[in-house]
Each structure stands twice: as C-alpha cells, then as structure tokens.
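Okay, structure first, notes after.
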Amino acid sequence: MKKVAIIGAGNVGATTAYFLAKERIADVVLLDVVEGMPQSKAEDFLHAGPLQRYNVEITGSTNYEAMRDADVVVHTAGIPRKPGMDRLDLMKTNAGIAKTAGQAIGEFAPNAVVVAVANPLDIIALAILRETGFALRNIVGMAGILDSTRFSYFIAQELGVKPEDVSSMVLGGHGDSMVPLARYTSVGGFPLTELLDTETIERLVQRTRTGGGEIVNYLKKGSAFYAPGASVAQMVAAVILDRKRLVAASAYLRGEYGHRGIFFGVPVILGKNGVERIIELELTDEEKSALDLSAEQVRHAANNLDELLA
Ligand code: A3D
C-alpha cells in the first residue's frame with residue numbers, strides 16, 4: 001500500500017484523510033503540532049473501519065519522522081488569521097510553518113510528490129519548493145480543482161442538471177483574481193456559452209470567486225473543508241494511482257502563459273510524478289489580461305518570500 005502523509009490534521013487535513021481512506025487510496029499518516037490530536041483522529045477513524053471497510057492504515061503523530069518514505073505529502077498546516085493580524089503577518093507565520101515542514105519533507109520523504117494546500121497557496125508552494133529542493137514538477141498546489149468544482153456546481157444548479165455532467169476550468173491565482181473560463185466549460189459536451197446568456201455566466205463566475213468567502217461568512221471561524229478535502233483527495237489519488245487526470249492546479253511556471261518563477265493555476269496532467277505536463281490553452285485577449293493581472297498579484301507576494309522566510 002502506498003503512503004500519504006498529511007501535515008496539519010485540522011479540518012482540511014482530516015477531511016482529506018477521510019476521503020482517501022473511504023476510497024482505499026493509501027495508508028494515511030496524520031501529523032500535527034497539537035499533542036494527542038492527530039492520534040485521536042486516527043484512532044477515531046479506525047473505529048469506523050468495520051462499518052466503512054477502509055482496509056488502509058491510519059496513524060497520527062506529532063513527529064515529522066512519521067512521514068518517512070511517504071509517496072505523497074499534503075501540506076495543510078497553518079494558522080487562520082487572528083483578530084489584529086494583518087495579511088502579511090499571517091503570510092509570515094504560515095510561510096515559517098511551511099519552511100520547517102519543507103525541511104522535514106526533504107529529510108524524511110525525499111521522493112514524495114507534495115500537494116500544497118495551506119494559504120497563501122501559491123506562496124506556500126514556492127516556500128516548500130525552496131526548502132525541499134525537489135524537482136519543480138514534484139510540487140503542486142491545490143486550488144483550481146476546488147474553484148472548478150464550485151463553478152461546475154453553480155452551473156449545474158442554474159441549469160438543473162447533474163453536477164457531474166459539467167466540466168469546467170478555473171485558472172489563475174487562488175483568490176479574488178481567479179479566472180473561471182466559461183469558453184472552456186461544457187455541459188454534457190455542449191459549450192456553456194451556448195446554454196446560458198452572458199449575464200448569467202458572469203453572475204456564476206462572480207459566485208465562484210466568492211464561493212470560499214460565502215462559507216467563511218457562514219462559519220465565522222474557519223473556512224471550507226469538505227470541498228477542499230475532496231479536491232485534495234482527487235489530486236492525491238491521481239498521483240498515487242497514476243491516473244493522468246487533467247485538472248486545474250497550481251504549478252511552477254517556466255514561461256507557460258507568459259510567466260515564470262511563480263506557482264500559478266493552470267491546466268495540468270497529474271500522474272505519479274506530480275505535474276507531468278502543463279497544457280497551454282489559446283486565450284482571448286480578455287482572458288489573457290485577466291490571467292496576467294492575477295499572475296501579477298501572485299508575483300507581488302512571491303517577491304516578498306525571502307523576507308517572509310527570514
Ligand atoms: P485548521 O482546521 O486550523 O487546521 C490547520 C492545522 O494545522 C491545525 O490543526 C494546526 O494545529 C496545524 N498546524 C499548525 N502548525 C503546524 C505545524 N508546524 N506542523 C503541523 N501542523 C501544524 O485549518 P483548515 O484545515 O481549515 O485549513 C488549513 C489550511 O488550508 C489553511 O491555511 C487554509 O487557509 C488552507 N485552505 C486552502 C484552500 C485552498 O483552496 C487553497 C482551501 C481550504 C483551506
């Protein structure tokens with residue numbers, strides 16, 4: 001059985017473990033800094049084994065060494081923004097956590113593919129790349145697949161069709177500047193642009209951009225974790241089972257889409273080596289400028305990485 005280590009056994013980490021165990025994708029190790037918490041969650045999962053027939057091992061630990069020889073490492077460790085904390089402080093704290101985790105991944109799981117999840121996603125992925133020294137394609141960030149599943153869900157609701165009949169693509173940085181591509185979205189094989197008018201599509205695009213925020217507003221404390229957990233599990237399964245899934249994910253760019261040196265949401269093929277290929281789509285001028293704007297925001301934050309990791 002392959003092994004997946006999940007750093008950060010909070011909401012997203014534990015939900016990811018649940019989806020992975022349910023689909024029997026791999027053994028799972030939950031890691032966290034809170035003593036007793038990852039162990040208790042692992043034990044609790046196992047108690048459901050006779051009902052759920054997981055047939056995989058789930059363990060919990062506060063020692064990074066437990067991720068030894070993991071095939072995939074998921075990084076969800078971070079702290080949420082606290083009152084009085086600005087965005088930069090939060091970035092600094094989470095980048096610091098990613099630095100320590102990255103060093104541990106390099107030491108204990110040197111052949112792993114890393115799926116970055118903690119925010120700010122595109123920057124955390126860059127920090128992990130730096131600290132592990134892994135090949136560029138072995139690090140990938142989860143965001144586009146989540147933004148795409150939300151877009152698909154909203155479209156399905158609008159049209160009254162099954163969500164699985166919708167196939168959509170959301171590119172760009174993870175945040176307000178994401179770029180849902182209506183032109184590359186289809187329902188049952190038909191282009192979305194043939195099924196809904198421009199105004200309705202724009203409304204659904206906007207809702208996709210604020211979809212994560214909607215959940216935060218309801219929850220007050222914390223952010224979404226079921227859809228993020230399902231999205232991470234899909235990506236992990238694609239790597240573990242070498243599924244060659246074509247999904248939107250944050251990958252290190254070396255000139256693709258006119259950008260380099262940043263992690264950015266693009267269509268990729270995910271397989272056993274991580275990002276096996278980046279697909280370059282033809283974009284209209286309008287789509288390209290929206291993507292450029294989003295890339296500039298990511299680059300701005302990425303330029304601060306040295307300071308964040310100092
Ligand atoms: P939460 O439930 O707070 O879990 C985070 C966990 O990380 C907690 O259990 C912490 O104890 C743990 N942690 C903190 N420091 C360390 C450390 N050094 N080593 C190991 N564990 C540590 O948050 P969550 O699970 O809801 O979210 C986790 C992260 O994912 C946050 O940064 C979110 O913003 C991010 N997130 C990203 C997306 C994307 O689409 C990119 C979606 C949802 C959540």
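The values are calculated or read from the model by the stated rules, or taken from the named source; none is laboratory data. All values derive from a computational prediction rather than experimental measurement. Note that each Cβ is placed from the backbone with ideal geometry, even for glycine, and that neighbours are counted across all protein chains shown. Remember, those area values only see protein heavy atoms, side chains included, never the ligands or the DNA or RNA. Shrake-Rupley method; radii C 1.70, N 1.55, O 1.52, S 1.80 Å.
Observations
- Here Arg243 fits the description: under 20 Å from the mean Cα position of the chain (by Cα), at pLDDT 95 or above and open to solvent by 40 Å² or more (accessible area, probe 1.4 Å).
Matching residues to (1) more than 11 Å from the ligand (Cβ to nearest atom); (2) within 19 Å of the chain's Cα centre (by Cα); (3) open to solvent by 70 Å² or more (accessible area, probe 1.4 Å):
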| position | (1), (2), (3) |
| --- | --- |
| Ala9 | no, yes, no |
| Leu30 | no, yes, no |
| Val33 | no, no, yes |
| Lys41 | no, no, no |
| Thr62 | no, no, no |
| Ile79 | no, yes, no |
| Asp86 | yes, no, yes |
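- Single residue of the range 131-160 satisfying the filter (open to solvent by 10 Å² or more (accessible area, probe 1.4 Å) and touching a Gly at 6+ places or on another chain (Cβ under 7 Å)) that is nearest to Val117 (Cα to Cα): Asn138
- Residue match in the range 286-293 (condition: assigned to a strand (DSSP E or B) and under 30 Å from Lys92 (Cβ atoms)): no
- Within the set Ser148, Ser186, Ser223, the sole residue that is polar (S, T, N, Q) and over 28 Å from Thr15 (Cα atoms) turns out to be Ser186.
- Condition check for Pro83 on (1) modelled with pLDDT under 95; (2) touching a helix residue (DSSP H, G or I) at 6+ places or on another chain (Cβ under 6 Å): one failure, at (2).
- Per the conditions (1) part of a helix (DSSP H, G or I); (2) farther than 26 Å from Ser294 by Cα; (3) not assigned by TED's automatic domain parsing to the domain that holds Leu253, the sole criterion not satisfied by Pro110 is (1).
- With respect to the conditions (1) under 30 Å from Ile97 (Cα atoms); (2) assigned to a loop (DSSP other than H, G, I, E, B); (3) away from the ligand (no atom under 16 Å from the Cβ), Asn119 falls short on a single one, namely (3).
- Complete set of residues in the range 128-160 that are of a type in the set (Val, Ile, Thr), within 16 Å of the ligand (Cβ to nearest atom) and in a helix (DSSP H, G or I): Ile128, Thr132, Ile145, Thr149
Yes or no, residue by residue, for (1) within 22 Å of Pro228 (Cβ to Cβ); (2) in the same structural domain as Asn119 (by TED's automatic domain parsing); (3) of a type in the set (D, E, K, R):
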{"residue": "Ala17", "(1), (2), (3)": "yes, yes, no"}
{"residue": "Asp27", "(1), (2), (3)": "yes, yes, yes"}
{"residue": "Phe45", "(1), (2), (3)": "yes, yes, no"}
{"residue": "Ser61", "(1), (2), (3)": "no, yes, no"}
{"residue": "Asp71", "(1), (2), (3)": "yes, yes, yes"}
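- Scan the range 15-28 for residues that are within 14 Å of the ligand (Cβ to nearest atom) and touching a Ser or Thr at 6+ places or on another chain (Cβ under 9 Å) and the total you get is 1.
- Residues being in a strand (DSSP E or B) and either charged (D, E, K, R) or buried (at least 21 other Cβ atoms within 10 Å of the Cβ) (or both) - total across the range 161-186: 6
- Within the set Leu219, Leu195, the sole residue that is more than 16 Å from the ligand (Cβ to nearest atom) and open to solvent by 70 Å² or more (accessible area, probe 1.4 Å) turns out to be Leu195.
- Test: Gly49 is away from the ligand (no atom under 14 Å from the Cβ) and over 27 Å from Leu146 (Cβ atoms): yes
- Number of the exception - Leu88 against (1) outside any helix (DSSP H, G or I); (2) at pLDDT below 95: (1)
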